[in-house]
């Protein structure tokens, strides 16, 4: 006898904000993060009878959302490169603190950056990140340690130059 599937609305209510927040921290665009989280949940809804039986349905949605975000960043980089070659644009810059943090995060390999965002802003544990990324927990701990050290050294160097 199979267990009844939990209502999708409860699942959505319990997990949407957390996943959207993680994507926002990764992408830096609140509306885009919400759109991608919504897309991931729509894909889950289409297959809810099957996905609801997974040990971690939220992990499935999170993985789909992160894949969508990664694809979005690739497309955005390509589009921005094209636009940059077409014309020069002038906009007000972000605050110095934000520039320093974004620059520091930008120096990290993508895996370390994802691990830091998922752990510190997404609230995921090492085991959850390892499962999502398909790596050993020791690898995630290494990414976190190295990522923190590099961000710290970048920000410390920035403060010394001020």
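Nothing in this text is a laboratory measurement; each read-out follows from the coordinates by a stated rule. This one's a predicted model, so the numbers in the text were calculated from it and none came from an experiment. Note that we place each Cβ from the backbone using ideal geometry, even for glycine, and neighbour counts take in every protein chain shown.
Return the single residue from 13, 147, 123 with maximal mean-square fluctuation; model: Gaussian network over the chain, springs between Cα atoms under 10 Å.
Comparing 13, 147, 123 in a Gaussian network model of the chain, the most mobile one is 13.
Treating the angle as unsigned and between 0 and 90°, give the value, to the nearest 10°, between the Cα long axis of helix 30-46 and the longest Cα principal axis of the chain.
20
Any chance you could give the angle, 0 to 90 degrees and rounded to 10, that helix 96-106 forms with the longest Cα principal axis of the chain?
60
Rounded to the nearest 0.05, what FRET efficiency do residue 149 and residue 97 give with R0 = 25 Å and r taken as the Cβ-Cβ distance? Could you check?
In this case the efficiency is close to 0.80.
What residue among 26, 54, 12 shows peak mean-square fluctuation when the chain is described by a Gaussian network model with Cα springs under 10 Å?
Per the Cα network of the chain with a 10 Å cutoff, 54 tops the list.
Given Cα positions, please report Rg to Rh for the stretch 93-162, the hydrodynamic radius being the Kirkwood one.
Taking Rg over the Kirkwood Rh, I get 1.04.
Compute the acute angle (0 to 90°) between the alpha-carbon long axis of helix 57-86 and the principal axis of greatest extent of the alpha-carbon atoms of the chain; round to the nearest 10°.
Around 30 degrees separate the two axes.
Run the simple label-point estimate for residue 157 and residue 9 please: 7 Å along Cα→C-beta, distance reported in nm.
Computed distance between label sites residue 157 and residue 9 equals 5.3 nm.
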